[in-house]
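Encoded as C-alpha cells, the structure appears first; notes follow it.
The values are calculated or read from the model by the stated rules, or taken from the named source; none is laboratory data. The shown structure was predicted, so the numbers you read here are calculated from the model rather than taken from an experiment. All Cβ positions, even for glycine, are placed from backbone atoms using ideal geometry, and neighbour counts span all protein chains on display. Each accessible area value is taken on the protein alone, full model and side chains, heavy atoms only, with ligands, DNA and RNA left out. Shrake-Rupley method; radii C 1.70, N 1.55, O 1.52, S 1.80 Å.
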Amino acid sequence: MATGGESPEPWYLALLGFAEHFRTSSPPKIRLCVHCLQAVFQFKPPPRIEARTHLQLGSVLYHHTKNTELARSHLEKAWYISQPVAQFEDVKFEAASLLSELYCQQNLVDSAKPLLRKAIQISQQTPYWHCRLLFQLAQLHTLEKDLVSACDLLGVGAEYARVVGSEYTRALFLLSKGMLLLMERKLQEVHPLLTLCGQIVENWQGNPIQKESLRVFFLVLQVTHYLDAGQVKSVKPCLKQLQQCIQTISTLHDDEILPSNPADLFHWLPKEHMCVLVYLVTVMHSMQAGYLEKAQKYTDKALMQLEKLKMLDSSPILSSFQVILLEHIIMCRLVTGHKATALQEISQICQLCQQSPRLFSNHAAQLHTLLGLYCISVNCMDNAEAQFTTALRLTTHQELWTFIVTNLASVYIREGNRHQELYSLLERINPDHNFPVSSHCLRAAAFYIRGLLSFFQGRYNEAKRFLRETLKMSNAEDLNRLTACSLVLLGHIFYVLGNHRESNNMVVPAMQLASKIPDMSVQLWSSALLKDLNKACGNTIDAHEAAQMHQNFSQQLLQDHIAACSLPEHNLISWTDGPPPGQFQAQNGPTTSLASLL
C-alpha cells in the first residue's frame, strides 16, 4: 500500500500504517484494515490520496471479502477521481484493470470492455500499463470466444512493443496471437508467425529465464500443433527440445534485477506452471503414440506437482491442467483395462467442474465423450450413443467432433441394426474424400472404422484395403494402438479366409505390440485368435498356452467390469443434461453383460 510521491500528512501515514499492519497480520484482520482506510475520508483528503484510498479499499474488499458491490463502488470512484490527475498512472490504470476484472466476475462484460478501451487509449505513454491492458482486453475477448478481436489486439500490442524497443514483449504478443490462430485452425497464418517468433526468440539477448520461458512457449505451440495434426513421430525432435528447455529453466535462479525497459515486466507463466505444462504435453504425446505406461508415469508426476501448487496458488489454469491430464489418463485406463479407476477419475473431473462453471463449459463435451468411451468398455451401447450424441451437441471443435463421430460409428457397427445412421455418419468422415480435419491420426482411424464395417459385412477384400491404408498411416507416425488394432483385425480376416499362415503373421506382432502398450482388449482378441489358429494347425501346446492367456485376460477384464459397474459413479452413464450431478446412488451390481467382450 505505497503512498507514491506525495508528502503526506502524519495522520495519513498513521492510518495507512495501521491498515497495512492489520492486512498483513496472521490471520489478516480485514475488518480493522477497512476501518482504518475508511477513516482517511474523514480528513477530506486531496484527490490523489482520495483516489489511492478508494483503490486500496476496493483491492482489499475484492481480494479478501465477498462484498463485491462495495469493492466495485470504491474502484469506480478511484477510476473516476484519478483520470484528470496528472502523473498518477499507477493508481489510474490499476483501478481500471482491477475494476474490469471485477466487472467480468459479475458477468458485466459490456461494462469491462469500454473501460479497458478507454484505459488503453490514455496509457500510450506508459508502456507497462499499455501492454498489460492490451493483454487483459485480448484475454476478455478470448474468454468470449471472439478470437478475431483478440488477435487484432495482440497484433496491435506486438507493433507497440516493437516501437518501444521491447522485443521480449513483442514475442509474447506474437506467441499469444499464434496460440489463438492455432485454436482457430488458421494454419496458413500460423506458420509464418511461428517462423518470425522463432527468429525473435533466438536473437533476443536478455534475462536467461525470460529467454528460456519464451522458448518454452514457442515449443509448446509447435508440439501441440503437431499433436493436433496427429503427427506423433514428427513431433519428437520438438518435444525433446522442449523437455531439455524446461530442464535448463529449472536449474536457473530467478534474477531479482528488474528489466530496464518497463515494457519487459511480464512473465508468460511461473516456472512451476511451465513444468506441469511440459509434463502435460508429454502425456498427450505418450497417449497418442500408445506408450501408456509412460503416460501414467508423467501423469503421476504432474498431478503430484499440481497438488503442491494448488495448496499455495488458486490460479484457474491449474484446474484446467488437472482436468486435461485426467482426460488423457482416463483414456489410457480404458485401454489398459482399468475401467473402475477411469470411472472414479471421470467423477473427479465432475467435482472440479462443479467448482467452476467456466471449466465445465470448456470441458462438458470432453466429459460426455469420456463417458461414451467408458460405456463402450462396459458394453452399455445405448448409453454410449446418448453420451456421444450429447457431446456432439456441445462441441464446436472440429477434431473433437471427428473423434466423437468415429467412436459413435463404432457403436452403430457393433449394434448391427443402425445402417441408415451409420452410413450418414461415415459420409461425414470419409477418409478418401473431403475429410473434415487435417489430423493424420483421425484420418487413419477413419480408415480403420471402414475396415471394421467391411469385415462385419463379410466384404473381406475391401476390409483389407482399408486396413492396409490404416497400417501405412499408423506406421508412418508410430500410432501403436491403431497398428495393433489393424493387425489383429487383418489376422482375423485371414483366419476366416483359411489363410492360417498369413493370419499368424498378423496376430503375433499384434499381440507383441498390444503387450507393450498394454492394450487389454487387443490382447484378449489376439489370444483368442492364437488359440484357434494353433488348434487349427495342430499345435496343441501353443493352443493350450494361448487358451490360458485368454482365460487370464478374460478374468482380469471380468473382475474390472464388475468393480466398475458396482461403483455408485456408474450412474453417471445416464447423465446427459445440465451440470454434472453431485451425488451418486450405490449400484447393486453390474447391469451389463460382458459376453461381447469375451
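Things worth noting here:
- Among Ser566, Gly491, Met511 the positive-end extreme of the charge dipole of the range 414-572 (Cβ point charges): Gly491
- Equivalent ellipsoid semi-axes - Cα gyration tensor, the range 32-162, angstrom: 28, 18, 10
- In the context of the full set of protein chains, the chain has a per residue accessible area of 46 Å² (1.4 Å probe).
- A Cβ-based charge dipole, computed about the Cα centre of the range 217-284 with Lys and Arg at +1 and Asp and Glu at -1, lands at about 500 debye.
- Taking all Cα pairs closer than 8 Å and separated by 6 or more residues, the relative contact order of the chain comes to 8 percent.
- Considering helices alone, the calculated mean residue ellipticity of the chain at 222 nm is -25000 deg cm²/dmol, with DSSP H runs of length four and up weighted by -39500 (n - 2.57) and normalised per residue.
- Percentage, to the nearest whole number, of Cα pairs in the chain over 40 Å apart: 39
- Here the range 345-445 is assigned +1 on the Cβ of each Lys and Arg and -1 on the Cβ of each Asp and Glu. Its dipole about the Cα centre then comes out at about 180 debye.
- Of the residues Glu184, Glu212, Glu272, ranked by 1.4 Å probe accessible area with the largest first, the sequence reads Glu272, Glu184, Glu212.
- Listed residue (Val411, Ile120, Cys375) projecting farthest to the positive dipole end of the chain, Cβ model: Val411
- Dividing the radius of gyration of the alpha carbons in the range 5-107 by their Kirkwood radius gives 0.96 for Rg/Rh.
- Taking a ≥ b ≥ c as the square roots of the Cα gyration tensor eigenvalues, the range 345-404 comes out oblate, since a/c reaches at least 1.5 and a/b does not exceed b/c.
- Stretched out straight at 0.36 nm per residue, the stretch from Leu269 to Asn539 would grow longer than its current Cα-Cα span by 91.1 nm.
- Classification of the range 98-233 by its C-alpha gyration tensor yields an oblate form. The axis ratio a/c (a ≥ b ≥ c) is 1.5 or more, and b/c is at least a/b.
- The local environment of Asp478, defined by Cβ-Cβ distances under 11 Å, has a net charge of +2 under the rule Lys, Arg +1 and Asp, Glu -1.
- Helix axis angle, 236-251 relative to the chain longest principal axis, alpha carbon, degrees: 40
- If you wrap the Cα atoms of the range 489-542 in a convex hull and average its projected area over all directions, you get 3.3 nm².
- Size descriptors for the range 322-378: radius of gyration and Dmax over Cα atoms are 10.6, 32 Å.
- Descending semi-axes in whole angstrom, ellipsoid equivalent of the range 257-329, from the Cα gyration tensor: 28, 14, 9
- Scaled against the 2.2 N^0.38 Å expected of a compact globular protein of N residues, the Cα radius of gyration of the range 331-450 reads 1.08.
- For the range 201-243, alpha-carbon Rg and Dmax in angstrom: 11.6, 35
- Counting only the Cα atoms, the range 252-374 fills a convex hull of 136 Å³ per residue.
- When you restrict to C-alpha pairs under 8 Å that are six or more residues apart and normalise by the size of the range 1-154, the relative contact order lands at 12 percent.
- Note on the range 484-588: Rg/Rh from Cα positions, Kirkwood definition for Rh, rounded to two decimals, is 1.18.
- Scattering profile of the range 409-554 at q = 0.14 Å⁻¹ [log10 I(q)/I(0), Debye over alpha-carbon scatterers]: -0.68
- Taking the Cα centre of the chain as origin and assigning +1 to Lys and Arg Cβ atoms and -1 to Asp and Glu Cβ atoms, the resulting dipole is close to 380 debye.
- Measure of compaction for the range 153-204 (Cα Rg per 2.2 N^0.38 Å): 1.07
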